[in-house]
Amino acid sequence: MKKRLLSLIILGTTICSITGCSGGKSQTNIEEGATKITIYAREFEKWAKDHLMELVNDFNADLTDGIQVSVNFFTQANYATALTTSRENGRAPDLYMATYAELYNSHIQGNHAAPLESYLTEKAINDIVPAFKEMCTYSDHLYAYPWNVEPGSLFFYRKDLLAQAGVTSVPTTFDELYDACSKLVSSGTIKKGQYPCGLPLGAYEATWVTYGLQQNTTGGLVVEDDWRTIRLNQEPAATGFKNIGQFFYNMFSNNYCPTAALTSEGYTYIVDALCDGTLAMTYSGSWGFAEVYDYLGEDTAIANNIGVAPIPTLTGDQESCTSSNGGWCYVMSEESKNKDLAAKFLNWMFTESAERTGQYFIKAYFSKAATSVSVQEYLETVELNVPQDWFDTCNKVAAVGIPEATFPWDVAQEFGKMIEVMELNCKKGAFDGLYAQALNSAINNINTIMSRASYPENPKYDYDK
């Protein structure tokens with residue numbers, strides 16, 4: 001959930017507990033003598049924090065169940081350290097949030113995540129959408145409950161600006177996107193200080209934002225499922241990766257994209273630049289739904305002029321994967337001495353009432369996809385607070401999205417570095433030469449990384465086949 005972090009003044013500690021945070025809802029129901037169940041949570045938007053507090057207060061309203069749930073919130077900078085420190089001190093939280101990408105390497109491998117099969121009913125487990133359940137499953141064990149899923153790459157566009165430029169249909173291919181950009185410039189719709197399209201900038205953003213495009217164009221990511229075979233230089237994948245490189249080269253060499261971040265949070269809040277007219281089109285994650293309304297406030301006229309679609313692809317294929325799915329899951333600590341009690345809250349929050357669980361997605365402006373069939377069905381019955389195409393696109397893209405890469409980040413980022421070369425050096429040389437040099441560097445770096453004794457194996461790959 002790549003969202004803006006709230007500013008906190010923290011006195012004497014990095015922890016902000018549910019009973020001590022200002023500007024949020026405080027805990028009101030306290031059962032004396034009850035067993036305390038502690039949750040470690042990431043600090044996201046104020047509404048998300050308030051929503052979790054409301055849930056906890058509602059659960060704690062039962063003053064006879066012997067359970068008292070408490071939440072500690074941490075900023076992005078402090079969260080991992082807080083988890084490590086609590087474990088080292090023998091005070092691991094009973095429940096905590098984790099991303100899908102880090103679940104295995106950071107939590108399961110260290111024996112910090114407890115399998116949930118004994119704590120969830122068979123009905124609850126079967127209710128989880130299979131693709132999302134797989135994101136939390138290793139060695140046939142469900143190690144977390146998927147909380148939300150958010151596609152990291154969607155295509156946002158200003159309907160009014162495209163119409164003004166004479167663009168009559170939403171681009172679905174690279175070529176159509178080039179044409180739309182050209183028309184936006186030649187028509188005078190885009191003026192100095194404005195740009196036709198926003199794309200991820202730099203190696204970091206270009207790595208994870210293009211996971212879906214890599215899958216769509218090449219049939220996979222940088223390495224095969226064995227995590228040992230490089231795909232960047234193996235046909236037919238090699239041609240697909242080169243086509244992606246050519247796409248970025250063309251977009252930046254034609255000045256269709258800004259070369260510096262337009263917001264303080266870069267890609268995370270790139271839709272702000274769409275709202276203010278600096279961009280006519282842009283990639284963004286689904287969290288952009290909520291950001292549009294947060295940025296515009298009561299000005300719904302612009303929001304109603306924003307459309308959302310799958311990202312353009314080489315061939316126009318938007319039915320298969322075009323984005324990876326990020327998001328967050330809830331993990332039960334293996335170190336917890338009160339797993340049965342922690343499970344009661346976990347079940348209450350996620351599996352016992354689709355209406356209760358669904359409120360989070362409504363408050364999020366449907367910017368995340370629900371992970372259970374029952375909640376998805378419930379959300380189909382409620383009145384949308386976003387345009388229908390936004391809702392449909394988010395769920396459609398999430399349903400066929402791939403998980404973010406779980407192989408080592410420094411391997412994945414080598415392709416992001418190649419894209420960065422295209423962005424920064426597109427006016428210094430011809431594409432073929434730049435790409436060949438960047439590819440050679442990436443291959444050498446990945447081979448070096450793989451030669452390390454600590455290089456891992458894929459826990460979901462059968463090496464005996």
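What follows is calculated from the coordinates using simple rules that are stated; it is not laboratory data. Keep in mind that this is a model prediction, so the values were computed, not measured. Ideal geometry is used to build each Cβ from the backbone, glycine not excepted, and the neighbour counts take in all protein chains shown.
Here are some notes:
- C-alpha long axis of helix 46-60 to longest principal axis of the chain, angle in °: 20 degrees
- For Ile67, Ile419, Ile190, order by how many other beta-carbon atoms lie within 10 Å, fewest first: Ile67, Ile190, Ile419
- Asp226-Glu122 FRET efficiency (beta carbon distance; Förster radius 35 Å; 0.05 resolution): 0.60
- Charged neighbours of Thr189, selected by a Cβ distance under 10 Å, balance to +2 (K, R count +1; D, E count -1).
- Per-residue 3J(HN,Hα) values for region 61-70, derived from phi via the Karplus relation 6.51 cos²θ - 1.76 cosθ + 1.60 with θ = phi - 60°, read 5, 6, 8, 10, 8, x, 10, 10, 8, 10 Hz in sequence order (x marks Gly and Pro).
- Loop-located GluC sites (Glu not before Pro) across region 285-328 with a Cβ neighbour count of 14 or fewer within 10 Å are Glu298, Glu319, with loop assigned by DSSP.
- Karplus-derived 3J(HN,Hα) values for region 218-226, using 6.51 cos²θ - 1.76 cosθ + 1.60 with θ = phi - 60°, are 10, x, x, 10, 4, 10, 5, 5, 6 Hz; glycine and proline are entered as x.
- Based on DSSP H segments of at least four residues, each scored -39500 (n - 2.57), the chain has a per-residue ellipticity at 222 nm of -12000 deg cm²/dmol.
- Angle in degrees between helix 388-399 and the longest Cα principal axis of the chain, rounded to the nearest 10: 80 degrees
- Prolate/oblate/rounded label for region 329-465 (Cα gyration tensor, a/c 1.5): oblate
- Straight Cα distances below 17 angstrom link Lys417 to the aspartates and glutamates Glu205, Asp432, with same-chain residues fewer than 8 positions distant left out.
- Proximity of backbone amide H atoms, modeled 1.01 Å from N, is registered between Cys197 and Ala280, Met281 at under 5 Å, excluding neighbours fewer than 5 places apart on the same chain.
- Flagged links, alpha-carbon separation over 21 Å, of Lys242/Lys368; Lys133/Lys460; Lys49/Lys368; Lys46/Lys363: Lys242/Lys368
- Karplus-derived 3J(HN,Hα) values for region 106-114, using 6.51 cos²θ - 1.76 cosθ + 1.60 with θ = phi - 60°, are 8, 10, 6, 4, x, 6, 9, 10, 8 Hz; glycine and proline are entered as x.
- Ranking of Glu377, Glu224 by neighbouring Cβ atoms within 10 Å, starting from the fewest: Glu377, Glu224.
- Overall form of region 56-161 per C-alpha gyration tensor (a/c, 1.5; a/b vs b/c): rounded
- Folded to 0 to 90 degrees: helix 174-186 orientation relative to the chain principal axis, Cα: 70 degrees
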